[in-house]
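Everything below concerns the one structure shown next.
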Protein chains: 2
Amino acid sequence: MEIIKGGITVPQGFEAAACEAGIKYQDRLDMALIYSKKPCRAAGVFTQNVVKAAPVLWDMEIINSRKKPQAVVINAGTANACTGAAGLRCCQETALLAAETMKMDADSVLVASTGVIGMEMPIDKMQTGIRMMAVSKNDSFDTGTEAARAIMTTDTREKEIAVQVEIDGKIVTVGGMAKGSGMIHPNMCTMLAFLTSDVLISKKMLQHILETDVEETYNMISVDGDTSTNDTVLFLANGMAGNKKLKAGTEDYTAFIAAVRTVNEYLAKAIAADGEGATALFEVTVKGSKTKEKAKTLAKSVVTSSLTKAAIAGHDANWGRFMCALGYSGEVFEPSRVDLFIESAAGKLQLVGNGMAVDYSEEKATEILKEAEVTLLADMKEGVEWATAWGCDLTHGYIDINADYRS
Amino acid sequence: MEIIKGGITVPQGFEAAACEAGIKYQDRLDMALIYSKKPCRAAGVFTQNVVKAAPVLWDMEIINSRKKPQAVVINAGTANACTGAAGLRCCQETALLAAETMKMDADSVLVASTGVIGMEMPIDKMQTGIRMMAVSKNDSFDTGTEAARAIMTTDTREKEIAVQVEIDGKIVTVGGMAKGSGMIHPNMCTMLAFLTSDVLISKKMLQHILETDVEETYNMISVDGDTSTNDTVLFLANGMAGNKKLKAGTEDYTAFIAAVRTVNEYLAKAIAADGEGATALFEVTVKGSKTKEKAKTLAKSVVTSSLTKAAIAGHDANWGRFMCALGYSGEVFEPSRVDLFIESAAGKLQLVGNGMAVDYSEEKATEILKEAEVTLLADMKEGVEWATAWGCDLTHGYIDINADYRS
């Protein structure tokens with residue numbers, strides 16, 4: 001497997017476009033288009049929030065059908081959530097126009113929105129945007145990157161990646177882009193992620209691979225514990241790589257899964273590191289657990305804690321907060337067995353042995369925690385299972401962004 | 001029922017003391033003593049965190065026995081959590097010395113600690129503190145207030161209350177004090193609360209009343225979602241009011257329960273309003289729910305959301321975040337039925353009708369949200385049950401306090 005330049009436009013037959021539609025933001029890209037020259041097998045994973053945005057409802061229906069999508073239209077600025085019948089009408093009109101303009105079936109257009117909940121959708125601006133993008137779409141690296149930039153809200157940088165693997169003697173590419181930096185929490189976040197691939201694969205297998213992988217990647221990140229109304233991961237595969245259809249249990253299958261994991265883990269970590277106001281990526285690995293599920297719950301509990309996140313912001317090895325967050329996770333364990341370590345580019349240090357402080361240097365601890373990527377390692381010493389969760393520190397920046405986001 | 005001046009020293013036979021023991025803080029009160037002239041029926045509710053501080057383990061054993069406590073020794077600055085065998089030894093030595101000095105049984109002394117986890121306990125300083133307090137204890141209003149001040153950590157003000165009711169023709173008083181402003185979350189918080197009363201009541205009934213009431217008061221507040229290792233509520237009743245022993249189902253019983261509720265609700269709200277960095281008390285009432293449990297879960301979900309808390313800090317009527325937090329609570333409901341209102345001393349305003357924005361004045365909304373106590377009212381329109389949760393806004397102050405709390 002090789003990580004290569006680019007994002008969603010790298011797999012064969014995929015094009016992208018972005019434009020300034022002025023939906024809410026001014027003077028910046030705020031709409032994006034993903035387009036495949038051929039109809040795709042498509043998979044999707046969506047928010048578990050009871051309050052689902054209109055585009056989520058629209059996409060769920062398509063993904064759960066036998067339809068073969070060919071395009072995704074995305075806008076940033078407005079979420080199209082809590083918008084009632086008008087919101088669903090907006091999805092429909094968006095899809096109809098995109099289909100008409102680009103000569104596809106009306107039900108082969110997926111949609112996604114991110115931004116303020118409850119704002120009316122300016123359908124006329126969206127229609128202008130679609131017409132512009134239908135003309136400008138192409139398969140260059142640049143439009144891929146522009147699309148990744150267009151879907152940002154409070155993100156500070158675009159997030160994209162592409163990887164290649166050999167499958168059945170052919171080069172298969174998986175590309176991806178994502179956005180999301182607030183309302184980010186396990187069980188799908190205010191995050192959108194879009195994967196493209198030229199692999200030939202059944203719809204059922206694509207859905208299975210995506211669902212399984214989301215559990216270990218996007219569902220293991222947290223910025224603020226808020227699960228959004230709009231969370232969506234879509235995966236389009238157009239089969240243009242020329243491989244024989246992927247079969248479960250083969251080496252090719254394993255290679256493809258590894259490629260998907262690389263893309264999703266990269267994007268998930270990029271989202272966590274770009275969490276609202278974040279200055280550090282905070283990785284929590286729990287090992288020595290009896291079960292994988294338990295390790296996940298423990299890791300998520302620490303990465304979600306406001307107090308541990310604030311301690312990371314302060315470069316403060318306040319390990320009592322780590323122990324405390326493990327303790328209220330809902331999982332039962334023996335506190336007097338737990339070992340804790342911190343690690344970063346500046347080194348590794350044990351803080352706790354058998355549930356109590358070891359004699360460590362606070363200076364060294366601070367040095368380690370000052371890095372842009374820091375890891376907490378908790379060894380429960382009761383088994384062999386492990387899991388990793390990703391989050392970020394909690395800083396003044398988060399408050400600045402969220403105390404008055406709408407204005 | 002009448003709310004009167006004072007706190008834990010108002011019920012007959014109760015005394016208090018406070019001193020500067022220099023355990024971690026310097027030049028401030030950091031130890032408190034509650035003392036009853038007669039042995040008490042005692043009830044307790046403790047943290048559900050798997051990692052339990054030594055004083056919690058100590059108290060649980062006493063509360064679960066037939067022992068009749070007569071005193072509580074409390075310190076602020078160090079939590080005596082993750083301190084292993086040495087931590088338990090510290091509880092024992094504290095209790096032994098207090099018992100010896102004040103001529104009680106060794107196992108009639110409860111202990112409580114709050115502060116940094118994992119720090120060694122300076123037992124010599126605690127012993128000096130106990131000796132000072134054994135001499136200075138008295139039943140004045142002032143020592144009650146000083147005790148309430150001594151148990152503070154990042155709290156900005158002491159929290160105490162006393163109420164009186166007539167039971168069996170006698171005046172019965174319930175007094176209380178509490179601390180806690182960070183690591184505060186439903187399921188008992190880094191909070192300590194101590195109630196005293198001169199009522200004559202069975203131990204079993206006292207425990208039942210306390211447990212039931214905690215569910216509706218302390219367990220309905222949240223500052224930051226972190227459940228601490230040290231959460232403790234203790235209730236001592238010495239029977240000195242002279243009433244006949246309280247019987248279930250009587251008017252007296254109802255009156256006493258109301259008094260306890262008043263004390264606990266007052267202290268719980270005071271803790272929420274004094275949340276770390278808080279500038280506003282944020283009250284969330286969910287009504288029209290099918291069940292009480294569901295209303296509680298929904299209310300807690302909103303009051304715990306970092307995004308709604310940041311919106312309150314910004315006086316921003318970002319109702320999409322309220323809807324979103326209801327939606328990810330885990331409870332199922334029909335979003336298109338929900339009505340949302342905000343209310344404060346500045347007025348009441350409907351934001352959402354049947355799941356969508358109504359036409360309201362943003363200026364009026366901001367005016368309402370600028371008050372020191374603001375309420376969100378969510379009407380689910382599916383039943384008649386309701387519940388209230390309390391929290392606070394999320395501000396720069398929280399980050400300032402927690403990015404480097406230990407130093």
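The values are calculated or read from the model by the stated rules, or taken from the named source; none is laboratory data. Remember, predicted model here, so these are calculated numbers, not experimental data. Cβ sites come from the backbone with ideal geometry, for glycine too, and all protein chains shown count toward neighbours. Quick note on the areas: whole protein, heavy atoms, side chains included, nothing else; ligands and nucleic acids left out. Shrake-Rupley method; radii C 1.70, N 1.55, O 1.52, S 1.80 Å.
Test residue A:4 against the criterion of being among the hydrophobic types (A, V, I, L, M, F, W, C), surrounded by fewer than 22 Cβ atoms within 10 Å (Cβ to Cβ) and out of contact with any Pro (no Cβ under 6 Å at 6 or more places or on another chain), and give yes or no. For residue A:4, the condition - among the hydrophobic types (A, V, I, L, M, F, W, C), surrounded by fewer than 22 Cβ atoms within 10 Å (Cβ to Cβ) and out of contact with any Pro (no Cβ under 6 Å at 6 or more places or on another chain) - is met.
Rundown of residues vs (1) in contact with a helix residue (DSSP H, G or I) (Cβ under 8 Å, 6 or more places away or on another chain); (2) at pLDDT below 95; (3) under 27 Å from residue A:50 (Cα atoms), yes/no style:
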position: B:333; (1), (2), (3): yes, yes, yes
position: B:342; (1), (2), (3): yes, no, yes
position: B:373; (1), (2), (3): yes, yes, no
position: B:385; (1), (2), (3): yes, no, yes
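Taking region A:306-320 as the search range and keeping residues that are facing another protein chain (nearest Cβ under 7 Å) and farther than 17 Å from residue A:399 by Cβ, which one is modelled with the highest pLDDT? Residue satisfying both the conditions and the ranking: A:319. Right, residue A:278: in contact with a strand residue (DSSP E or B) (Cβ under 8 Å, 6 or more places away or on another chain), hydrophobic (A, V, I, L, M, F, W, C) and within 14 Å of another protein chain (Cβ to nearest Cβ) or not? Yes; evaluated as a whole, the condition is true for this residue. Select from region B:90-138 the residues that are among the basic types (Lys, Arg) and in contact (Cβ under 8 Å) with a residue 24 or more places away in the chain and write down the one among them that is surrounded by the fewest Cβ atoms within 10 Å (Cβ to Cβ). Checking each candidate, the answer is B:131.
Here's the yes/no breakdown for (1) among the hydroxyl-bearing types (Ser, Thr, Tyr); (2) touching a Pro at 6+ places or on another chain (Cβ under 6 Å); (3) in a helix (DSSP H, G or I):
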{"position": "B:308", "(1), (2), (3)": "yes, no, yes"}
{"position": "B:312", "(1), (2), (3)": "no, no, yes"}
{"position": "B:323", "(1), (2), (3)": "no, no, yes"}
{"position": "B:330", "(1), (2), (3)": "no, no, no"}
{"position": "B:342", "(1), (2), (3)": "no, no, no"}
{"position": "B:359", "(1), (2), (3)": "no, no, no"}
{"position": "B:386", "(1), (2), (3)": "no, no, no"}
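Just one of the listed residues (B:389, B:310, B:317, B:345) is free of Cβ contacts under 8 Å to residues at least 60 places away in the same chain, at negative phi, of a type in the set (A, V, I, L, M, F, W, C) and open to solvent by less than 10 Å² (accessible area, probe 1.4 Å), namely B:317. If you go through region B:287-300 and keep only what is within 14 Å of another protein chain (Cβ to nearest Cβ) and under 20 Å from the mean Cα position of the chain (by Cα), you end up with B:297, B:300.
Do the conditions hold for residue B:61, that is, is it surrounded by fewer than 24 Cβ atoms within 10 Å (Cβ to Cβ), more than 19 Å from the chain's Cα centre (by Cα) and assigned to a strand (DSSP E or B)?
Here the answer is no, as residue B:61 does not meet what is asked.
Of all the numbered requirements in (1) surrounded by fewer than 21 Cβ atoms within 10 Å (Cβ to Cβ); (2) under 18 Å from residue A:389 (Cα atoms), residue A:255 misses one, and that requirement is (2). Against the numbered list (1) closer than 25 Å to residue B:274 by Cβ; (2) within 9 Å of chain A (Cβ to nearest Cβ); (3) in contact with a Gly (Cβ under 9 Å, 6 or more places away or on another chain); (4) surrounded by 17 or more Cβ atoms within 10 Å (Cβ to Cβ), residue B:303 comes up short only at (2). Summed over region B:137-169, the residues that are touching a helix residue (DSSP H, G or I) at 6+ places or on another chain (Cβ under 6 Å) and aromatic (Phe, Trp, Tyr) give a count of 0.
Which condition does residue A:56 not pass, out of (1) in contact with a strand residue (DSSP E or B) (Cβ under 7 Å, 6 or more places away or on another chain); (2) farther than 18 Å from residue A:210 by Cβ; (3) in contact (Cβ under 8 Å) with a residue 24 or more places away in the chain; (4) within 14 Å of chain B (Cβ to nearest Cβ), if it passes all the others? Evaluating residue A:56 over (1) in contact with a strand residue (DSSP E or B) (Cβ under 7 Å, 6 or more places away or on another chain); (2) farther than 18 Å from residue A:210 by Cβ; (3) in contact (Cβ under 8 Å) with a residue 24 or more places away in the chain; (4) within 14 Å of chain B (Cβ to nearest Cβ) leaves (2) as the failure.
Listed conditions (1) modelled with pLDDT of 95 or more; (2) not in a strand (DSSP E or B) are all met by residue B:164, apart from (2). Could we say that residue B:43 is surrounded by 21 or more Cβ atoms within 10 Å (Cβ to Cβ), more than 19 Å from the chain's Cα centre (by Cα) and touching a residue at least 12 places away in the same chain (Cβ under 8 Å) here? In short, no.
Within the span defined as region B:78-86, every residue fails to be more than 14 Å from every other protein chain (Cβ to nearest Cβ) and either in contact (Cβ under 8 Å) with a residue 24 or more places away in the chain or of a type outside the set (Lys, Arg) (or both).
Okay, residues lined up against (1) touching a residue at least 24 places away in the same chain (Cβ under 8 Å); (2) open to solvent by 30 Å² or more (accessible area, probe 1.4 Å); (3) part of a loop (DSSP other than H, G, I, E, B):
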{"site": "B:249", "(1), (2), (3)": "no, yes, yes"}
{"site": "B:260", "(1), (2), (3)": "yes, no, no"}
{"site": "B:266", "(1), (2), (3)": "yes, yes, no"}
{"site": "B:272", "(1), (2), (3)": "yes, no, no"}
{"site": "B:276", "(1), (2), (3)": "yes, no, yes"}
{"site": "B:284", "(1), (2), (3)": "yes, no, no"}
{"site": "B:296", "(1), (2), (3)": "yes, no, no"}
{"site": "B:299", "(1), (2), (3)": "yes, no, no"}
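Do you know which of the residues in region A:321-346 that are within 27 Å of the chain's Cα centre (by Cα), among the aliphatic types (A, V, I, L, M) and facing chain B (nearest Cβ under 10 Å) is nearest to residue A:308 (Cα to Cα)? Only one residue tops the list, namely A:325. Considered as a group, the residues in region A:139-154 that are open to solvent by 10 Å² or more (accessible area, probe 1.4 Å) and under 18 Å from residue A:192 (Cβ atoms) include one that is nearest to the chain's Cα centre (by Cα), and that residue is A:152.
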